[in-house]
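Reading through the structure tokens given below for one structure.
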Amino acid sequence: RDRLYNLNRSNQNQQRREAAIFKSSVDIQPEWNMLDQIPFSTFSKLSFSVPEPEDLLICGALEYYDRSFDRITPKNERRLERFKNRNFFKVTTTDDPVIRRLANEDKATVFATDTILSTLMCVPRSVYSWDIVIQRVGNKLFFDKRDGSQLDLLSVHETSQEPLPEAKDDINSAYSLSVEAAYINQNFSQQVLVRDGNKVSFDEPNPFANEGDEVASVAYRYRRWKLDNDMHLVARCEVQSVVDVNNQKSFLTLNALNEFDPKYSGVDWRQKLETQRGAVLATELKNNANKLAKWTAQAILANADSMKLGYVSRVHPRDHFNHVILGVVGYKPRDFAAQINLNTANMWGIVKSIVDLCMKLNEGKYVLVKDPSKPQVRIYEVPADAFENDYVEEPLPEEEQVQPPTEDAEDGEANGTTNDVEDKEIEAQN
């Protein structure tokens, strides 16, 4: 009897965990009209080849990559620095002045950012719920994200078999880890640069920065792809750094994988990174398949020559504020895509099918939502004022108060920048 009782109890816990982790990224309102649901199985068969894109414009300025970081090992690790004064921008498609200008000039019919496109391209690998707002205006289509959207954060252990703790205030819960990962990623991308004031500047300055702002090293490439004879897609793609190779400028993307507790992954980076790097990467590909695929897709979209992956670990498994860089490895994006079975024809096939579907809709506002528990996406017709005035953000405040970095990430990202992490952490602890 006791055994059965305990068995039932553990089953109940299991169901509760599922419900706790997999909840929808957006509150589905009763008045929303569901138009379609598409199972992931239909995406896997799609294929579409796009001709080489053209660069319309490059904005921003890049600092050079510091090659000394390629020689870091766990024995000569470096502390991850904090860049409180550098502004990072997470501006959605329709708020981008350059995209508005290109839309007015009729340069394309479909507009998006690399973050949104890579989310669509890697749909079949996603487990957690996400949502993308789609606006049909005249004959044009805009793919947007909401302020403070899940797409601004980075998932951790999304495709892992090992479940993460349920409690949102646990430093190893899915939400806390995604905030921590976004923060690590930003700091890492600025630390591995040669900070001597030497920059490569492009056609126009950073379109989101105010004069006098200290801006993170980033270049926005506005690129145009031909989807068919009368349909072009323009996307804003990002690269974070540059190196000189044979007197040619080579663009790099910079991203960091983060280790939070070796007991979850079963691989201790400090012991394995030097001798068994392949095993470490294989474990990351298993636990973070979607995140790595999205980074690869973004590097391919931006036509980066190399993608640098940093291995960043906590100083101590229970300290989620202090981190060290244990190694940095570079890959050619297309070679890496082949290694992780990411097929570019399939990626574009998915985008093309979703664009074709949306082009049949009437003018208005729609939202594409990844189902929290099933491998499918749904498309809803929503009112024109949906997602304005923090309409969806209401449930957050209470949860924000629990976790010090949470409040910071949400506030900062909603405003387009994420700084002052330290100040807010200290305030929250006080």
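The values are calculated or read from the model by the stated rules, or taken from the named source; none is laboratory data. Fair warning: this is a prediction, and the values are worked out from it, not measured in the lab. Virtual Cβ from ideal backbone geometry, glycine too; neighbours counted across all protein chains shown. We work out accessible area using only protein heavy atoms, side chains counted, and drop any ligands, DNA or RNA first. Shrake-Rupley method; radii C 1.70, N 1.55, O 1.52, S 1.80 Å.
Among the residues of segment 330-360, the ones that are of a type in the set (A, V, I, L, M) and open to solvent by 30 Å² or more (accessible area, probe 1.4 Å) come to 3 in all. Going residue by residue through segment 384-395, is there one that turns out to be under 25 Å from D147 (Cβ atoms) and open to solvent by less than 10 Å² (accessible area, probe 1.4 Å)? Yes, the conditions are met somewhere in segment 384-395.
Just give me the residues in segment 30-44 being open to solvent by 50 Å² or more (accessible area, probe 1.4 Å), of a type outside the set (S, T, Y) and in contact (Cβ under 8 Å) with a residue 60 or more places away in the chain, in sequence order. Break it down stepwise before answering.
So in segment 30-44, the residues open to solvent by 50 Å² or more (accessible area, probe 1.4 Å) come out as 30-31, 33-37, 39, 41-42, 44.
Still in the running and of a type outside the set (S, T, Y): 30-31, 33-37, 39.
Listed by number, the residues that qualify are E31, N33, M34, L35, D36, Q37, P39.
Need pairs with beta-carbon distance below 8 Å; first residue more than 26 Å from D147 (Cβ to Cβ) and within segment 352-368, second acidic (D, E) and not in a strand (DSSP E or B); sequence gap 6+ or separate chains. Cβ pairs passing all conditions: none.
K308 - would you say it is modelled with pLDDT of 95 or more, farther than 23 Å from I171 by Cβ and in a strand (DSSP E or B)? The answer is yes for K308.
Would you please list the contacts, defined by Cβ atoms under 8 Å and residues six or more apart or on different chains, that run from a residue in segment 156-173 that is modelled with pLDDT of 90 or more to a residue that is of a type in the set (K, R)? Cβ pairs passing all conditions: V156/K291; E158/K291; T159/R125; T159/K286; S160/K286; I171/R318.
So, in segment 312-327, exactly how many residues are open to solvent by less than 10 Å² (accessible area, probe 1.4 Å) and either touching a Lys or Arg at 6+ places or on another chain (Cβ under 9 Å) or acidic (D, E) (or both)? Of the residues in that region, 6 qualify. Inside segment 177-197, can you point out the residues that are open to solvent by less than 10 Å² (accessible area, probe 1.4 Å) and without any contact (Cβ under 8 Å) to a residue 60 or more places away in the chain? Once the filter is applied, which keeps residues that are open to solvent by less than 10 Å² (accessible area, probe 1.4 Å) and without any contact (Cβ under 8 Å) to a residue 60 or more places away in the chain, segment 177-197 yields only S178.
Please go through segment 37-62 and pick out each residue that is in contact with a Lys or Arg (Cβ under 6 Å, 6 or more places away or on another chain) and part of a loop (DSSP other than H, G, I, E, B).
In the first step, residues of segment 37-62 are kept if they are in contact with a Lys or Arg (Cβ under 6 Å, 6 or more places away or on another chain); the result is 37, 48, 51, 53-56, 58, 61.
Hits for segment 37-62 are F48, P51, P53.
This table checks each residue for (1) modelled with pLDDT of 95 or more; (2) among the aliphatic types (A, V, I, L, M).
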| site | (1), (2) |
| --- | --- |
| D70 | yes, no |
| R79 | yes, no |
| F89 | no, no |
| I99 | yes, yes |
| M121 | yes, yes |
| D131 | yes, no |
| I134 | yes, yes |
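Residue under question is D268, and the condition is that it be loosely packed, with under 14 Cβ neighbours inside 10 Å and either touching a residue at least 60 places away in the same chain (Cβ under 8 Å) or acidic (D, E) (or both); does it hold? Steps first, answer last, please.
Numbers: loosely packed, with under 14 Cβ neighbours inside 10 Å: no; either touching a residue at least 60 places away in the same chain (Cβ under 8 Å) or acidic (D, E) (or both): yes.
Against the criterion (loosely packed, with under 14 Cβ neighbours inside 10 Å and either touching a residue at least 60 places away in the same chain (Cβ under 8 Å) or acidic (D, E) (or both)), D268 does not qualify.
Within the bounds of segment 34-44, is there any residue that is within 30 Å of F251 (Cβ to Cβ), at pLDDT 95 or above and either out of contact with any Pro (no Cβ under 6 Å at 6 or more places or on another chain) or of a type outside the set (S, T, Y) (or both)? Yes, segment 34-44 contains a residue that is within 30 Å of F251 (Cβ to Cβ), at pLDDT 95 or above and either out of contact with any Pro (no Cβ under 6 Å at 6 or more places or on another chain) or of a type outside the set (S, T, Y) (or both).
Counting residues in segment 267-281 that are in contact with a Cys (Cβ under 8 Å, 6 or more places away or on another chain) and either more than 26 Å from Y64 (Cβ to Cβ) or outside any loop (DSSP other than H, G, I, E, B) (or both) gives zero.
For segment 218-225, the condition of being modelled with pLDDT under 95 and of a type outside the set (S, T, Y) holds for none of the residues.
The residues in segment 271-285 that are crowded, with 16+ Cβ neighbours inside 10 Å, touching a residue at least 24 places away in the same chain (Cβ under 8 Å) and more than 20 Å from P333 (Cα to Cα) can be counted, and the count is 1.
How many residues are within 12 Å of R136 (Cβ to Cβ) and either open to solvent by less than 30 Å² (accessible area, probe 1.4 Å) or modelled with pLDDT under 95 (or both) if we restrict to segment 368-381? If you could, list the steps in order and put the result at the bottom.
So the first thing to find is which residues in segment 368-381 are within 12 Å of R136 (Cβ to Cβ), and the list is 379, 381.
Then keep just the ones that are either open to solvent by less than 30 Å² (accessible area, probe 1.4 Å) or modelled with pLDDT under 95 (or both); that gives 379.
The qualifying residues number 1.
All of N246, N255 fail the test of being closer than 30 Å to G197 by Cβ, without any contact (Cβ under 8 Å) to a residue 24 or more places away in the chain and open to solvent by 10 Å² or more (accessible area, probe 1.4 Å), apart from N246. Looking only at segment 73-87, decide whether some residue is farther than 27 Å from S241 by Cα and under 21 Å from the mean Cα position of the chain (by Cα). No, segment 73-87 contains no residue that is farther than 27 Å from S241 by Cα and under 21 Å from the mean Cα position of the chain (by Cα).
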